[in-house]
Amino acid sequence: MPTLIDNEQRAAWRRDGVLVLPGFASVDAVEALKTRARAIVDAFDPAADGGGPAVFSSRDRARLAEQALAASADQVRCFFEEEAFDADGRLAVPKAQAINKIGHALHDRDPVFGRFSRDPRLAALVADLGVAEPLLVQSMLIFKQPRIGGEVVWHQDASFLITDPPSVIGLWFALEDATLDNGCLWVAPGGHRGPLRERYVQQGEGFVTETLDATPWPSGDATRPLEVAAGTLVAFDGQLPHASAPNRSAVSRMAYTLHVVDGRAAWSPLNWLQRRADDPARGFG
Ligand code: FE2
C-alpha cells in the first residue's frame, strides 16, 4: 500500500497526536458532501422521528438523546442543536438551521458518504498511522450552525469509542473554512500521551460518564486553535484532548468526521455504539 505521509509527518504524529493535511478533499468532493447532507436534512421529518426531538448536548445528555444516540449506531439520523428550541419546545429556527449533526453510520448507509469514507488514500493514511486492521465504526456530519452552533467541551474520542487497548483515530474533514469566529477545533498537542480521563459507558438502561483519571483538561499555552481551510483533513489520536467553542458568527462551520479503530483490539460491550452481529463494522474495502 502506498504511503501518504513522510517521515517528518510520522514523527509529528507521534509527538503531537495530531496531523493537519490541507487540501486533502477537492472542492468538488466537499461540495458533494454538503449537498448530500442538506438533502438528508430536507428529507428528515422531525414529527415522524420517534416521538420528539433528539436534542444532543455534550453537557446534558437527556434520556431521549441517549436513546436516539444508541439507535443511530447503524443509521443515518438527524440531531438537533440544543438552542434550536424556544421555551415551549418549538423550533425557533428553520429546520435546515436547527440540526446539530447527522450520525452515526453515514459511511455505511449513504452512498455519497460511503464513497468519500472508503477513499484508498484514507486506507493508506490509517495504515501509516499504525492501524493494521482498520474498522470504520462511526461517522458524523457536524453543521456547527450560525449563531446557535453549540460548544463541544474538552474530551477525548477514546472515551466514547472504547477498545482494549485504545485504538481509535479521528479523521476530521473541514467542509467549510474553520476559524476562531465560527468555532474551529482546539487541540492540546502532545496531550494524547496523557491519561484517558473519562469513559462514556452503558449502565443499566442508560449511559454514564465515569471519571478514570482526575488530570485537569488542558488550558492556556497547552492548547491551540486549528484554523483550517475547507478541504483540510485533521487526523487525531483518540486520546488527544480537543474541543470547540460555540459558533456565534453568521456563517456555519460544517465538518465531516470518521472514526476508525483497530480490529485487533477488543470492542467494549459497554460502548454506546453496538452493531448487530450480522451487520458488523467493516474496513476500507
Ligand atoms: Fe471529538
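The values are calculated or read from the model by the stated rules, or taken from the named source; none is laboratory data. Given the structure is predicted, the values throughout are model-derived calculations rather than measurements. Glycine also receives a Cβ, built like all others from the backbone with ideal geometry; neighbour counts cover every protein chain displayed. All accessible areas refer to the heavy atoms of the entire protein, side chains included, with ligands and DNA or RNA removed. Shrake-Rupley method; radii C 1.70, N 1.55, O 1.52, S 1.80 Å.
Taking residues in the range 146-174 that are within 22 Å of R121 (Cα to Cα) and of a type in the set (S, T, N, Q), and partners anywhere that are near the ligand (Cβ under 10 Å from one of its atoms) and open to solvent by less than 20 Å² (accessible area, probe 1.4 Å), the pairs with Cβ atoms closer than 8 Å and at least 6 places apart or on different chains are S167/G238.
Can you tell me which residue in the range 42-57 is modelled with the lowest pLDDT, limited to those that are open to solvent by 30 Å² or more (accessible area, probe 1.4 Å) and either closer than 20 Å to L161 by Cβ or in a loop (DSSP other than H, G, I, E, B) (or both)? Looking at residues that are open to solvent by 30 Å² or more (accessible area, probe 1.4 Å) and either closer than 20 Å to L161 by Cβ or in a loop (DSSP other than H, G, I, E, B) (or both), I get G51. Apart from one condition, D157 fits all of (1) within 24 Å of K95 (Cα to Cα); (2) within 16 Å of the ligand (Cβ to nearest atom); (3) open to solvent by less than 30 Å² (accessible area, probe 1.4 Å); the exception is (1). Checked against (1) farther than 27 Å from R38 by Cβ; (2) among the hydrophobic types (A, V, I, L, M, F, W, C); (3) at pLDDT 95 or above, L141 passes all but condition (1). Give the residue that is surrounded by the most Cβ atoms within 10 Å (Cβ to Cβ), with candidates limited to residues of the range 197-250 that are charged (D, E, K, R) and within 15 Å of the ligand (Cβ to nearest atom). Looking at the filtered set, the residue picked out is D237. Residue count for the range 203-245 satisfying the condition of being touching a residue at least 40 places away in the same chain (Cβ under 8 Å) and of a type in the set (D, E, K, R): 2.
Can you pull out every residue in the range 172-193 that is among the aliphatic types (A, V, I, L, M) and within 11 Å of the ligand (Cβ to nearest atom)? I'd like the intermediate steps shown before the answer.
Looking only at the range 172-193, we keep the residues that are among the aliphatic types (A, V, I, L, M), and these are 174-175, 178, 180, 185, 187-188.
Across the range 172-193, the qualifying residues are L185, V187.
Take K144 and tell me if it is within 16 Å of the ligand (Cβ to nearest atom), charged (D, E, K, R) and not in a loop (DSSP other than H, G, I, E, B). Talk me through it step by step, then tell me what you get.
Values: within 16 Å of the ligand (Cβ to nearest atom): yes; charged (D, E, K, R): yes; not in a loop (DSSP other than H, G, I, E, B): no.
Considered against the rule, which asks whether it is within 16 Å of the ligand (Cβ to nearest atom), charged (D, E, K, R) and not in a loop (DSSP other than H, G, I, E, B), K144 comes out as no.
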